[in-house]
Every structure is written in C-alpha cells, then in structure tokens.
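Worksheet for the structure shown next.
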Amino acid sequence: MVTQVESRDMEKEKVLARVLSSSSTVDYVDTRGRVPRRTRAAGAGRTDHGPYDDSCVGLDAVESGPRLWDGTRELSRDEIETGDSRYWALRVGSRHEYAFRVPGFLGPDEHGWTQRVAERIKVIDEMPPGGHRSRGADEVDFTDGPAAGAVA
C-alpha cells in the first residue's frame, strides 16, 4: 500500500517513506527498526552523486528545513519562516538534511547530505528491489534533467 502524505513525524510514526524531489534520485527513510536507516537511490541526469549512494546507512538525524515551496511555486524570501526547522520530520516543500556515520579507518566517519526540496512524500510498505528505486525519465519532469527535454 502506498499513501501520499504532506509530512511525517519520524519519531512518533515508525514508517518507510519515499521522498521525491525534482531529481530522478529518491531518498528512503526507514524508522521501523531499532536503528533508523536511509538509502539514497541515485538517479540519472544532473544529480549529485555521493560515496554512499544505493547503500543503506544508519541515520543519526534528519532535519526538515523551512518550507521553500508551497506545492505549486517557490516561496519568496518574505514568505519563508526561517526558524521553521524540525528534527526527525519529513515535509513536502522542505529540504531535508541527513546525518549519518559509516565505518572509517580510525572509527566512525560522520557524513551529511542535503536533499533537494521535497515535492512528494509517500509512505510505502516495503523497499522496492534494486534497480527500481530511483525515478525513470518518464516519471521526472525536470528541466535540468539528462538533456532538458530529450528522452533519456
């Protein structure tokens, strides 16, 4: 079952969420287990790539920044409530900052990643299989994509 939502308090609700932005890359946040986890499914086109793409990593924190988008347009500077950040929350219209640690040579290495503005959040029952986690060219309408209007 898939449920589209506007926001989720990930401390109170133990769910698996699929966070979609204008990019073909998709972030998954899973708080159902003992340790919260994040998977960044790297997509095609003009999207940044990180060393832990397509890997499930333990999540130390997620912060939902101020809303920058109202569902149809970017908000002007005057409309943005700069102090409106929330920890362990996912919200449509916000950029999410993910903090995580991975094994390093001398102990855990701390890392962070900031996602593009979330355009949709879907609560899902299970993680899609590998190769089906990011968004295809037919699913993404973004002008900075693979070739701006060309079929990828």
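A few points about this structure:
- Listed by first and then second residue, the pairs with beta-carbon distance under 7 Å, at least 6 apart or on different chains, first residue in the range 101-123 and closer than 23 Å to Ser21 by Cβ, second outside any loop (DSSP other than H, G, I, E, B) and among the hydroxyl-bearing types (Ser, Thr, Tyr), are Gly112/Tyr98; Trp113/Tyr98; Val117/Ser94; Ala118/Ser94; Lys122/Thr3; Val123/Thr3.
- Unique residue being without any contact (Cβ under 8 Å) to a residue 40 or more places away in the chain and farther than 16 Å from Glu119 by Cα when the list is Arg77, Arg67: Arg77
- In the range 7-40, of all residues being closer than 20 Å to Arg101 by Cβ and of a type in the set (A, V, I, L, M, F, W, C), the one that is nearest to the chain's Cα centre (by Cα) corresponds to Val29.
- Within the range 37-55, residues that are on the phi > 0 side of the Ramachandran plot have Cβ atoms under 6 Å from residues that are outside any loop (DSSP other than H, G, I, E, B) and β-branched (Val, Ile, Thr) in no pair, counting only partners at least 6 apart in sequence or on another chain.
- On inspection, Asp53 qualifies as in contact with a strand residue (DSSP E or B) (Cβ under 9 Å, 6 or more places away or on another chain), at pLDDT below 90 and closer than 23 Å to Asp109 by Cα.
- Within the range 31-43, restricting attention to residues that are within 17 Å of His132 (Cα to Cα) and not polar (S, T, N, Q), the residue that is surrounded by the most Cβ atoms within 10 Å (Cβ to Cβ) is Arg40.
- Verdict on Gly58 being surrounded by fewer than 19 Cβ atoms within 10 Å (Cβ to Cβ), part of a strand (DSSP E or B) and out of contact with any Asp or Glu (no Cβ under 9 Å at 6 or more places or on another chain): yes
The values are calculated or read from the model by the stated rules, or taken from the named source; none is laboratory data. All values reported here derive from a predicted model rather than from experimental measurement. With ideal geometry, Cβ positions are generated from the backbone for all residues, glycine too; neighbour counts draw on all protein chains shown.
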